[in-house]
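Okay, structure first, notes after.
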Amino acid sequence: MNPLMKLAGFAVAAALIFAGAAFAGSRIDVHPGKVAAKRGMGTMTAATMAPQPVRGLAVSEKGLTLELARRSAPRGNPFELAFRILDRSGQTVRDFDVEHTKRMHFIVVRRDMTGFQHLHPTENPDGTWSVPVTLPRAGSYRVFADFSIDDTPYTLADDLTVDGPVRSQALPAPATSADVDGLRVALAGDAEKELGFTVTRDGAPVAIQNYLGAKGHLVALREGDLAFLHVHPDQNRLRFEATFPTAGRYRLFLQFKTADGRLHTAAFTREVTR
Ligand SMILES: [Cu+2]
């Protein structure tokens, strides 16, 4: 074999090995949370409890970019917020997985973690998403586009500014219960990774119905950088697996639906120590 052919042969072999590794990687890279969610919390193994990197710190990650059509918004008046998800070549991404019954979840919260909104944008034929938003108060807001593609979860985030005088609120002290809409929501148990909640009205248990394919939806944000945590719902109970990446304070936004069809949002501050 002449040296050139030998080199070419080596290149082909290397390419095959690389392709094999990539293929094996894609096979092995099952999103642990999905497995955990499908199995239910009771049967989680050490493997599925592996620490997850935080998300929601960047506008661009793993080759995808969140492009907001606007980064400032009027105060108090409804406006349409449009955005796209772009791939490495700047093309609009359209192939989203259905996750928690929706292809796109959109979270808006002010930087002081007040004014939380969980929205479900509409997908337009050109691949842009749009959602009506009203922001009653001035300030800097964090917006998160939370979605999944080929079983890989993404949370991309950007800032949206509402001009005007701002009165920031301090993060409320850690608490194990919150009152919302006449309901008392209590954080049950003290296991760090498992967050269970009970809902009562005047001391009596309240029936809840499914919301987004589970008993509830939980968003957890870290104080300071508003890192967005992986949280996986239990299908049968108002209980979640949350992997807190560091010590610190986190704000939990629990959403659930009562039998009357009303959606409620209870917020808790949770202190995580190491
Ligand atoms: Cu959602």
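The values are calculated or read from the model by the stated rules, or taken from the named source; none is laboratory data. Since we're looking at a predicted model, the values are computed, not measured. With ideal geometry, Cβ positions are generated from the backbone for all residues, glycine too; neighbour counts draw on all protein chains shown.
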Reported set for the range 195-254 where residues are more than 16 Å from the ligand (Cβ to nearest atom), in contact with a Lys or Arg (Cβ under 6 Å, 6 or more places away or on another chain) and hydroxyl-bearing (Ser, Thr, Tyr) is THR200, TYR250
Q.
Can you confirm whether GLY213 is loosely packed, with under 13 Cβ neighbours inside 10 Å and either under 23 Å from PHE106 (Cα atoms) or within 13 Å of the chain's Cα centre (by Cα) (or both)?
A. no
Note on the range 246-274: residues over 14 Å from GLU194 (Cβ atoms) and either of a type in the set (Val, Ile, Thr) or at pLDDT below 90 (or both) are THR246, THR258, THR265, THR269, THR273, ARG274
*Does ASP151 meet the test of being at pLDDT below 95, more than 14 Å from the ligand (Cβ to nearest atom) and among the charged types (D, E, K, R)?*
yes
- Message: Considering only the range 223-241, I want to know if a residue exists there that is without any contact (Cβ under 8 Å) to a residue 60 or more places away in the chain, under 13 Å from the mean Cα position of the chain (by Cα) and under 19 Å from PRO172 (Cβ atoms).
- Response: no
Scanning the range 247-268 residue by residue, the ones that are assigned to a strand (DSSP E or B) and without any contact (Cβ under 8 Å) to a residue 40 or more places away in the chain total 2
Result of the Cβ filter at 9 Å on the range 109-123, keeping first residues that are farther than 16 Å from GLY216 by Cα and partners that are within 13 Å of the ligand (Cβ to nearest atom) and of a type in the set (Gly, Ala, Ser), at least 6 apart or interchain, is PRO121/ALA145
Test PHE268 against the criterion of being more than 23 Å from TYR154 (Cα to Cα), buried (at least 16 other Cβ atoms within 10 Å of the Cβ) and within 17 Å of the chain's Cα centre (by Cα), and give yes or no.
yes
The condition of being within 16 Å of the ligand (Cβ to nearest atom) and either buried (at least 18 other Cβ atoms within 10 Å of the Cβ) or in contact (Cβ under 8 Å) with a residue 40 or more places away in the chain (or both) holds, among ARG103, ARG75, only for ARG103
So, first residue closer than 14 Å to PHE197 by Cβ in the range 209-220, second residue more than 13 Å from the ligand (Cβ to nearest atom) and among the hydroxyl-bearing types (Ser, Thr, Tyr), Cβ within less than 6 Å, six or more apart or across chains; the pairs are ALA220/TYR250
Considering the range 216-233, residues that are of a type in the set (D, E, K, R) and surrounded by fewer than 21 Cβ atoms within 10 Å (Cβ to Cβ), and then whichever is nearest to ASP260 (Cα to Cα), we arrive at GLU223
Within the range 139-179, residues small (Gly, Ala, Ser), at negative phi and part of a loop (DSSP other than H, G, I, E, B) come out as SER168, ALA170, ALA173, ALA175
A careful count of residues in the range 131-150 that are surrounded by 14 or more Cβ atoms within 10 Å (Cβ to Cβ) and within 20 Å of PHE228 (Cα to Cα) gives 10
For the range 109-130, the count of residues that are surrounded by fewer than 18 Cβ atoms within 10 Å (Cβ to Cβ) and within 14 Å of the ligand (Cβ to nearest atom) equals 6
Reported set for the range 109-136 where residues are under 24 Å from ASP87 (Cβ atoms) and touching a strand residue (DSSP E or B) at 6+ places or on another chain (Cβ under 8 Å) is LEU119, HIS120, PRO121, THR122, GLU123, ASN124, ASP126, GLY127, THR128, TRP129, SER130, VAL131
